[in-house]
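The values are calculated or read from the model by the stated rules, or taken from the named source; none is laboratory data. All figures in this text were calculated on a predicted structure; none of them were measured in a lab. A quick note on method: Cβ atoms are made from the backbone with ideal geometry, for glycine too, and the neighbour counts reach across all protein chains shown. Keep in mind that these areas ignore ligands, DNA and RNA; they rest on the heavy atoms of the full protein, side chains included. Shrake-Rupley method; radii C 1.70, N 1.55, O 1.52, S 1.80 Å.
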Amino acid sequence: MAASCLPCTWLPAFELDHALEPLLLLSSNRRLKLISPLSCNNSNSTSFGICNGFSTIRKRRQSHANQAAAYSASDGKTTAVSAKSEKVAPEVKRRVVVTGLGAVTPLSDDAHLYYTKLLEGVSGISQIEGFDCSELPTRIAGEIKTLSTDGLVSPKHAKRADNYLIYALIAGKKALADAGITEQVSGELNKNRCGVLIGTAMGSMRALKDGIDAIKISHKKMSPFSVPYSMTSMASAVLAMDLEWMGPNYAISSACATSNCCILTAANHIIKGDADLMLCGGSDGVIIPEGIAGFIACNNLSRRNSDPTKDSKPWDSDHDRFVMGEGAGVMLLEELEHAKVTCWNHLSGSIGTSNKLVGGCVEC
């Protein structure tokens, strides 16, 4: 009995019937070859191969090409298979500028003063004063000693929230003030086009620790804020609720790269057209016994307690591990054309070496 096979058939991709899919290969001319089983009379096995040499192939190719053209003409969403494709004009890329900066650091809660002190070589590392660490081998950190929340954080959050959340709220609102966005100006914004993306590496360790301590006594001692305040997205959420911003709102946690990831992602939201303004950055506040002891257990913290201002030298051959710090840094990113129209404020100077000044704004 002679071997029988199904002739090789050339089909445009959109004409394939899912019921007839033995095996598909994509050829170089962007058509699909349908490969069918070849039954061999000399064995019990079945092999696969491409049938060729049939006189009808050319006719079928032409027929299917005509069908493809007709199908494409009737359906605007389907592109006909052709050797020459029409050139599509590239979309205009939305550009992003930085129009506001906010910071909460051991050196200052003013971003510009903080930067000035960095240039002067002032150190923010000192002896820890927030708790008794006399028994710990590491007793130094970049600790924020005092911070005013007046007019920036509601009393209920100031009383209940973890430090990282409070730092984020203050830095975010200072970035808005730096950009010249007052409460009156804020009312003119399209808040559906404004988002917040502030991340944290460690989140609220204090809220989690307080909840664990409470449950050891009784479940009735648990605070209803233990779970919400321990979420890493809470800083972005609370700030967005305070501002009534309803654009993209979430947090990224990627260890030491958290802030960079948030800034890049926020810029991409603006570039893609999801938002016109984005508050973005990072915040952490783990200068607490559990935070310091946990990193000591990892053998990661410096133990040069006698002269803290000379510590934290990552590029020095005599460096001694790293030093914990706390605080927040937030940027206000804005779409360039939107910034030109609103003109809340234009920063002078640049951030980093690859940024450009566009109309007085710092371009990412």
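Annotations for the structure displayed:
- Residues that are of a type in the set (A, V, I, L, M) and open to solvent by 70 Å² or more (accessible area, probe 1.4 Å) were ranked within region 205-221; the one that is nearest to the chain's Cα centre (by Cα) is Leu208.
- Qualifying position, being at pLDDT 85 or above and outside any helix (DSSP H, G or I), among Gly151, Gly76: Gly151
- Matching entry among Ala141, Ala158 (being open to solvent by less than 60 Å² (accessible area, probe 1.4 Å), part of a helix (DSSP H, G or I) and either within 25 Å of Cys262 (Cβ to Cβ) or of a type in the set (Phe, Trp, Tyr) (or both)): Ala158
- Residues of region 238-268 satisfying the condition of being over 26 Å from Arg95 (Cα atoms) and aliphatic (A, V, I, L, M): Val238, Met241, Ala255
- Count of region 240-249 residues which are surrounded by fewer than 23 Cβ atoms within 10 Å (Cβ to Cβ), of a type in the set (A, V, I, L, M), touching a residue at least 24 places away in the same chain (Cβ under 8 Å) and in a helix (DSSP H, G or I): 1
- Residue selected from region 126-147 under the condition without any contact (Cβ under 8 Å) to a residue 40 or more places away in the chain and charged (D, E, K, R), by the criterion farthest from Asp284 (Cα to Cα): Glu135
- Answer residue from region 250-288, given it is open to solvent by 60 Å² or more (accessible area, probe 1.4 Å) and part of a helix (DSSP H, G or I) and is farthest from Ser134 (Cα to Cα) among those: Lys272
- Residue tally, condition in contact with an Asp or Glu (Cβ under 6 Å, 6 or more places away or on another chain), closer than 30 Å to Cys194 by Cβ and open to solvent by 30 Å² or more (accessible area, probe 1.4 Å), over region 295-338: 1
- Among the residues making up region 148-202, those that are touching a residue at least 40 places away in the same chain (Cβ under 8 Å) and among the hydroxyl-bearing types (Ser, Thr, Tyr) are Ser154, Tyr164, Tyr167, Ser186, Thr200.
- Tabulated pairs, region 282-305, first closer than 24 Å to Met231 by Cα, second of a type in the set (Val, Ile, Thr) and open to solvent by 10 Å² or more (accessible area, probe 1.4 Å), C-beta under 9 angstrom, 6+ apart or interchain: Gly282/Ile252; Gly282/Ile263; Ser283/Ile166; Gly285/Ile144; Gly285/Ile166; Ile287/Ile128; Ile287/Ile144; Ile292/Ile128
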